[in-house]
Amino acid sequence: MAWIAGVDGCRTGWVVALARRHDIARPSIHIVPQFADIVALVADLGVIAVDMPIGLPETIEGPGRAPERLVRPLLGQRQSSVFSIPARAAVYAPDYAMACTEAAARSEPPRRVSKQGFMIFPKIREIDACLRTDPALAERVFESHPELAFVAMNGGAALTEPKKIKGRPWQGGMALRRRLLAACGIGAEALGLTPPRGAAEDDLLDALACLVTANAIACGAAQSWPTPPMRDAHDLPIAIWAPKLQKRTLQPDAPPMPASPVSRADIEAASARIAGHVRVTPVLELPRGALGGDWIPVLKLELLQHAGSFKSRGAFNSLTSFAIPPAGVSAASGGNHGAAVAFAARKLGHKARIFVPEISPAAKVDTIRRFGAEVVIGGAQYDDAQAACDAYVAASGALKIHPFSATATIAGQGTLAREWEQQAKVDCALIAVGGGGLISGAAAWWAGQPTRVIGVEPEGSRALQAALMAGGPTEVTVKSLAADSLGARNVGQLVHDVCAGNVDHVALVPDEAITLAQKTLWREFRIASEPGGAAAFAAILCGACTPSPGERVGILLCGGNVDLSKLAEIAA
């Protein structure tokens, strides 16, 4: 049979990762309301690995079925729930109280039912009924456990990064599991997919892990716990299946991550190079609890930088690192990078031509012109402006100053983190992400240091999160009110390579939270911030980032080139 499937339960039914046997790089993803519907997805469907208990004993001895007892010690501490499934009568009980009564009567020692386990009983009954009425299908359906599959992919080592914390996805753990799936042949496109409606991010990853298990079973490269499987009273197998151990490990601490393309030494050199050209921007430390919760906010006011944003750091480092040709310099920009390049070029005595997209705010375009640069409208979106800039550079010989995907730019932006570290201790730093040059600089500076770097992206513009999830750069669609500054569709390989392993995780914020952050910053602190500059603050207000008690949390306000008339409307 040519096709295989990995299946996980989800809110609206079952999420199915479907692929050809031996070719799991590009699976198709489906949502089906009933488990029996899976066989109708494709003809010639063979192995189906599903994350749901199969086979229900009539009585239970000890802490659950034999598969659960055997695999639980392999998963490490608190990495995944392995529910103790009770006897068949308890699973078919009409309510929770009766399920507990039936479970206790049929177990030794007597055990009740966990409420979390009880919530999946309807899906267990669905599979049980389906397989009991179709013995041929029962021979093709195998119980899997995604976390056990990930342990097997990881060479038998328990994963040290949890998948969830307090019920919410933990991006460090999600990224690790994506890397393991990629190492087993799941392609970047599948790993970067947005979960279909009705399924969560972890549901999709679990279905892909089950697909890896299904492929291993089909190829004779899987094992079961116990071996051989037991059988229940209806001849259904009782065993959990996973791939045989693989000779690889992708734990965060082994093997060592390759050296970052941008080092602390590069940032130290950039700091010396741009000294006298950029401002040392102030830090505002608020009292513990000032923004709610038992933690200390530490605001870095980089929006007071020359040209209104951190971009001046990278611009000056780039212009002082290279010989400038007669044609001068050129850049593509949504506004802030162009203003910074124009400002730096004017101060250093060079010509500048800046390509901006149609979405650039008039206030930012006017600022670029005020600094003496020539402005060219280069298309509808940022990437269109970049293409127009590239064509001009090729024809004129001008020096292109890339806003994020260049080592000189990243090292220049990294001077902000170096400066911040000298001003105030922070346990973590929340940093807005557009193309990723700023967070790359911060990640390079704090690589291997105690300070955690957390990216913040709009929900409608998530190029870095997508890249870290997929294990490499990937295209995203962009639709956000902060798109003029946080609107890159692809962060590029350099940014990914700097951030991978050095960025703790990326938090997503809705546009409404960004607007609220702008309003709050103006009303409470008289700080005028553009949408992108307020994104990190928005992560606190909307709960996308929840500091731990006692933490010193750095919040970067990175851009102040706001249209004052729009700010007045927001703050009214």
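Rule-based calculations on the coordinates, nothing more; no lab input. Values in this document were obtained by computation on a predicted structure and should not be read as measured data. Here the Cβ is made from the backbone with ideal geometry for all residues, glycine too, and neighbour counts use every protein chain on show.
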Could you work out how far apart the two model spin labels at K164 and R346 are, taking each label as a point 7 Å from the Cα in the direction of the beta carbon, and quote it in nm? 5.4 nm
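How long are the three semi-axes of the equivalent ellipsoid of region 425-555, in whole Å, if each is the root of 5 times an eigenvalue of the C-alpha gyration tensor, listed from largest down?
Sorted largest first and rounded, they come to 22, 19, 11 Å.
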So for region 453-527, considering every pair of alpha-carbon atoms, how many percent are separated by more than 18 Å? 43 percent
Got a sec? Charge dipole of the chain, +1 on Cβ for Lys and Arg, -1 for Asp and Glu; which of V478, L41, A571 is way out at the positive end? A571
So how tilted is helix 121-133 from the main axis of the chain? Cα-based, degrees 0 to 90, rounded to 10. 50 degrees
From the square roots a ≥ b ≥ c of the eigenvalues of the alpha-carbon gyration tensor of region 253-334, which class results: rounded (a/c under 1.5), prolate (a/b over b/c), or oblate? oblate
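Percent of alpha carbon pairs in the chain separated by more than 46 Å? All intermediate terms of the calculation are to be shown ahead of the outcome.
Numbers: 41965 of 163306 pairs.
Summing the P(r) of the chain above 46 Å gives 26 percent of all pairs.
Take the alpha carbon atoms of region 68-217, find their radius of gyration, then divide it by 2.2 N^0.38 Å using N residues; give the quotient.
In units of the globular-protein estimate, region 68-217 measures up at 1.15.
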Roughly how large, in nm² to one decimal, is the mean projection of the convex hull of the alpha-carbon atoms in region 489-541? 4.5 nm²
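For region 121-216, state which GluC sites (Glu not before Pro) are in a DSSP loop and have at most 15 other beta carbons lying within 10 Å of their beta carbon.
E139
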For region 361-499, compute Rh as the Kirkwood radius over C-alpha pairs and then the Stokes-Einstein diffusion coefficient at 20 °C and 1.002 mPa s; write the answer in µm²/s, rounded to an integer. 133 µm²/s
What are the chymotrypsin sites (Phe, Trp or Tyr not before Pro) within region 381-472 that DSSP puts in a loop, where the Cβ has at most 10 other Cβ atoms within 10 Å? none
Using helices alone, I'd like the mean residue ellipticity at 222 nm for the chain: each DSSP H run of four-plus residues gives -39500 (n - 2.57), total over residue count, nearest 500. -11000 deg cm²/dmol
Apply 1/(1 + (r/R0)^6) to the Cβ-Cβ distance of A129 and L286, taking R0 = 51 Å, and write down the FRET efficiency to the nearest 0.05. 0.30
Alpha-carbon gyration tensor eigenvalues x 5, square-rooted, for region 143-209, Å: 17, 15, 11
Here the net charge surrounding I359, from other residues whose Cβ is less than 12 Å away from its Cβ (Lys, Arg +1; Asp, Glu -1), is -2
What longest region of the chain stays clear of trypsin sites (Lys or Arg not before Pro) that DSSP places outside H, G, I, E and B and that have at most 10 other Cβ atoms within 10 Å? 248-525
Of K115/K163; K164/K311; K347/K519; K115/K519, pairs whose Cα-Cα distance is over 32 Å: K164/K311; K347/K519; K115/K519
Here the equivalent ellipsoid of region 308-400, derived from its Cα gyration tensor, has semi-axes (largest first, whole Å) of 18, 16, 10
